[in-house]
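Chemist: First the structure, then my questions, so here it is.
The values are calculated or read from the model by the stated rules, or taken from the named source; none is laboratory data. This one's a predicted model, so the numbers in the text were calculated from it and none came from an experiment. Heads up, the Cβs are rebuilt from the backbone with ideal geometry, glycines too, and the neighbour counts pull from every protein chain shown.
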Amino acid sequence: MRGTGGRPPVPLAFLLTLLLLLTSGLPVSAQSSAGLGGLVQRLAGMTAVTGYEQRMADSILALLPGATRDRAGNVVRDPGGKGRRVLLVCPLDEPGWVVGSLRSDGYLTLRRSPGRAIPGRDAQLQGARIDVHSRRGVLPGVVAVRSIHLTRGRGTSLGEFTSDSAYVDLGASTAAEAESLGVRVLSVVTLAKRPHRYGADLLAAPSTGRRAACAALLEAARAVGSSRAVVGFVVEQELSERGLTTVANRAGPFAQTFFVDGSSTVSTSTGATNPALGQVTRITLPVRYPGTPVETVSMAEVARLRDDLIERLRGVK
Amino acid sequence: MTARWLALLLLWWPSVPAAQEPSSLREAEALLETLVETYGPSGMEAPVRDAVKRALPEWAKPQTDSAGNLWLTVGQGEPTVVFVAHLDEVGFVVRGIAENGSLELEALGGIFPELWEARPALVHTGSETIPGVFQPRDSTGTLRADVGSSSRAGTEALGIRTGDTVTMPKEYVRLAGYRATGRSFDDRVGSAAQILALRQLDPRRLKHTVIFLWSTREEIGLEGARAAADSLRFLPVRVHAIDTFVSADSPLEPQAFAVAPLGHGPVARALDNSAVTPPAYLDSLVTLARRQGVPLQVGTTNGGNDGSVFGAYGVPDVPIGWPLRYSHSPVEVIDLRDLVSLAQLVKAAAEAW
């Protein structure tokens, strides 16, 4: 892959969105033949750090006829009507980082995105390829790590690492050079997303459980366009469930809410304190190596989840 | 409709000012990208050796010895000078297959296990590459790989055996300016520098014999170079290891030594853990670089180099490197200009010293 090299960076998110738009007119059967796996892989390769989910929401919006975006940024398909209200909802966001400062030597420092502190999450940055979502597109970079040769006599373990120790190397030598690439304080930073297939039907990538769960709900909602249930894809779940709360307050009260997510990422308190969500049932997709850069899902299990959600959507009268 | 969109997309795609870069830099980058994206953990260097062979000029007729080293002898007559860059990269070897199908791994070379766990993995069986993941570790225990099988028989059915090697997917990525990142720049950059020098060199104009070596198993104890040294014995008058200068050019490193900034040219690796360049030879190298207009840094770093094993036969070792950040990590970083300058210096040392 080529990166910037002094040339304008390639806005990958734009291209992904464009590809999604190009295929959004296909019937569900065509989407299915292209593969639920393809949709999962595409969503797993996208970025939606808490508070910065707009491009992901754009893609969901384009793929879900009848859906609208609310003022919080959630994507919701609400058939309206009276009677028993049921919500099926999946969160879009993922933990990440933003640029905290541009150093005079060209390195960037980071600030963790707000929300739950996840043990070991920052350590994943060390010696990792990352993407910086700048004003000019996605820039490849790396997070500095000590050279093993230079640690001789000083131990063979890297020791504790937090985002305060993260120095992002874009190849820039000055702050002005980094700025000329479109980097600013608050530019979003994530681990580089390279969804990785292995085994018979396994897919690994950061936050794949949540992405696969949302893909299953999206496919199910497309398959049952006439469902009476409200379908939502919510933002800022990691930040006090703000998106979910907005849906509850705007489209609720609900008699029942089905909260769809990867098994690793479900907050134990989801909706527990919000009576407008009604009875909350968590539907979780099993995940291997949760919360790691190789969070893994089985495509067979994703398909089973989709089929289960189709039945639930059909069952709402 | 789709074709029209694609046409619009191509029109919209940013122009590529890379064409404005010097041809020497573009040639160096293309070669390096090929070598970096070829896998060759210690003991399984054949794909890299083949890539080097394909990249050599047409007139070159290299030979492979029983240790797997690639030899190219150029020129004739005394004295004999040796250049050596290594083909291998760090990785793992499969030491066992557990009942649950996971692979028990042992490191090939110096690595931090933290940088490999919970990352994608590739198992190299010799005939195919099988994807998996390095399992996250609960503590500082042994690293294992999961290939998606739940039994030893299932893993063996994939063709995986004890002794196979394991790496992680790698990709050459251009960063801002002249910087690039990837894994195994150590020592694909050295291998590339020797090839680039040979492409520029006229073998008929050489005044003496020059042997270019691409060695095996450097990362696990300079084994290939040792076999070559034992073969050549007292013949060479000097040896140049063309290998990494591990640089402290990073905010994480102590600045006591090894401070060689990227982009400031190759580095005379005058003292490391395996060899000391005789001062007179160092002075000659500095003079040569100055005469040729090649920027040269002089420094000391850690690690060993292939040239050092020629010391058993009294052969002076004059290693030349280039500054590298984050050595043996998945995200090593270089400056491409240093590769171009290094190739110029290798050519000059072969022709004019």
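Chemist: Would you check if A:L88 is more than 27 Å from A:S187 (Cβ to Cβ) and at pLDDT below 50?
Modeler: no
Chemist: Another question, if that's okay. In the list B:S250, B:S231, which residue meets the criterion of being surrounded by fewer than 22 Cβ atoms within 10 Å (Cβ to Cβ), over 17 Å from B:V84 (Cα atoms), over 18 Å from the mean Cα position of the chain (by Cα) and at pLDDT 95 or above?
Modeler: Checking each option against the conditions leaves just B:S250.
Chemist: Read through the list (1) away from every other protein chain (no Cβ under 14 Å); (2) buried (at least 20 other Cβ atoms within 10 Å of the Cβ); (3) hydrophobic (A, V, I, L, M, F, W, C); (4) in a loop (DSSP other than H, G, I, E, B), then give the number of the only condition that B:A118 fails.
Modeler: B:A118 satisfies all of (1) away from every other protein chain (no Cβ under 14 Å); (2) buried (at least 20 other Cβ atoms within 10 Å of the Cβ); (3) hydrophobic (A, V, I, L, M, F, W, C); (4) in a loop (DSSP other than H, G, I, E, B) except (1).
Chemist: Further question on the same structure: I'd like to verify a number: residues in region B:22-64 that are surrounded by 15 or more Cβ atoms within 10 Å (Cβ to Cβ), in contact with a helix residue (DSSP H, G or I) (Cβ under 7 Å, 6 or more places away or on another chain), part of a loop (DSSP other than H, G, I, E, B) and of a type outside the set (S, T, N, Q), how many?
Modeler: 5
Chemist: Turning to a different aspect of this structure: Please work out which one of (1) modelled with pLDDT of 95 or more; (2) within 23 Å of the chain's Cα centre (by Cα); (3) crowded, with 19+ Cβ neighbours inside 10 Å; (4) away from every other protein chain (no Cβ under 14 Å) is the condition A:S113 fails and give its number.
Modeler: It is condition (1) that A:S113 fails.
Chemist: If you don't mind, another one. So, A:G315, is that one within 14 Å of another protein chain (Cβ to nearest Cβ) and not aliphatic (A, V, I, L, M) or not? Don't jump to the end; show me each part of the working.
Modeler: On the way: within 14 Å of another protein chain (Cβ to nearest Cβ): no; not aliphatic (A, V, I, L, M): yes.
So A:G315 fails the test.
Chemist: Within region B:325-345, is even one residue touching a Phe, Trp or Tyr at 6+ places or on another chain (Cβ under 6 Å) and surrounded by fewer than 20 Cβ atoms within 10 Å (Cβ to Cβ)?
Modeler: no
Chemist: Out of (1) closer than 18 Å to B:V93 by Cβ; (2) assigned to a loop (DSSP other than H, G, I, E, B); (3) within 14 Å of another protein chain (Cβ to nearest Cβ); (4) of a type in the set (A, V, I, L, M, F, W, C), the odd one out for B:A176 is which?
Modeler: (1)
Chemist: Just the residues that are part of a strand (DSSP E or B) and in contact with a Phe, Trp or Tyr (Cβ under 8 Å, 6 or more places away or on another chain), please, taken from region B:185-213.
Modeler: B:V210, B:I211, B:F212, B:L213
Chemist: Among the residues of region A:49-95, which ones are assigned to a loop (DSSP other than H, G, I, E, B) and among the small types (G, A, S)?
Modeler: Within region A:49-95, A:G51, A:G66, A:A67, A:A72, A:G73, A:G80, A:G81, A:G83 qualify.
Chemist: Something else now. Is it the case, given these coordinates, that B:G190 is touching a residue at least 24 places away in the same chain (Cβ under 8 Å) and either among the basic types (K, R) or in contact with a Lys or Arg (Cβ under 7 Å, 6 or more places away or on another chain) (or both)?
Modeler: Spelling it out, it is not the case that B:G190 is touching a residue at least 24 places away in the same chain (Cβ under 8 Å) and either among the basic types (K, R) or in contact with a Lys or Arg (Cβ under 7 Å, 6 or more places away or on another chain) (or both).
Chemist: Out of the strands (runs of 3 or more DSSP E) lying entirely within region A:213-317, which hold 1 or more residues that are charged (D, E, K, R)?
Modeler: A:256-262, A:279-285
Chemist: Right, B:R95: away from every other protein chain (no Cβ under 14 Å), over 30 Å from A:D122 (Cα atoms), touching an Asp or Glu at 6+ places or on another chain (Cβ under 8 Å) and among the basic types (K, R) or not?
Modeler: Here the answer is yes, as B:R95 does meet what is asked.
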